[in-house]
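Only the coordinates and a few stated rules stand behind these numbers; no lab work does. Small disclaimer: the values here were computed from a predicted structure and weren't measured. Glycine also receives a Cβ, built like all others from the backbone with ideal geometry; neighbour counts cover every protein chain displayed.
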Amino acid sequence: MIPSSHHGSWSGPNRLWFEGPEPERSDGRIAADATTINYTWSFRGAAQQGVIRLFGPDSALRCEWTDTWHAKDGMALHGCSDENVVVFYGTYPAGDGPEWGWRIELDFRDPEHLLLRMFNCEPGKSSVLAVDLRGER
């Protein structure tokens, strides 16, 4: 699931797009093992943390995701791994309209970096980058 080349600790910039075109910036940290990504970041000085737990074979992965800011109650997402990129997708309620989508990408292609990206997917529109955490050793 998570290649052994990417087990261990990573740190780097975290960007969160929340209000307006400029991202909120903070320091991010990632700890990875064979099946779990733990990450930390902050929003306007308040510490935040998240956990992504992977289950299943690469061709039909699922994950349980919690994040103190994005998904306090947790979400189940489904996806797959292809050439050291893992992509998960799930939906969440967004008011009175249709559910919105949430996509998480874990990129293990570069042995010097672990990339964690999250996208908000509004129905009928293109996905929008919401989080970009770029960890390095």
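A few points about this structure:
- Inter-label distance, residue 55 to residue 89: 2.1 nm, where each label sits 7 Å from its Cα along the C-beta direction.
- In the stretch 34-137, chymotrypsin sites (Phe, Trp or Tyr not before Pro) in a DSSP loop with at most 16 other beta-carbon atoms within 10 Å: 69
- Annotation for the stretch 24-93: trypsin sites (Lys or Arg not before Pro) lying in DSSP loop with at most 13 further Cβ atoms inside 10 Å of their Cβ are 44.
- Where trypsin sites (Lys or Arg not before Pro) fall in DSSP loop in the stretch 80-120, at most 16 other Cβ within 10 Å: 109
- Evaluated at q = 0.10, 0.15, 0.19 Å⁻¹: base-10 log I(q)/I(0), Debye formula over Cα of the chain: -0.31, -0.71, -1.16
- Net charge contributed by nearby residues that have their C-beta within less than 12 Å of residue 17 (K/R +1, D/E -1): -1
- Along the chain, counting only GluC sites (Glu not before Pro) with a DSSP assignment other than H, G, I, E or B and at most 13 other Cβ atoms inside a 10 Å radius, the longest segment between sites is 20-82.
- What separates the Cα centres of the stretch 89-137 and the stretch 2-33 is a distance of 12 Å.
- Computed on the stretch 1-128, with alpha-carbon pairs under 8 angstrom and 6+ residues apart, the relative contact order is 14 percent.
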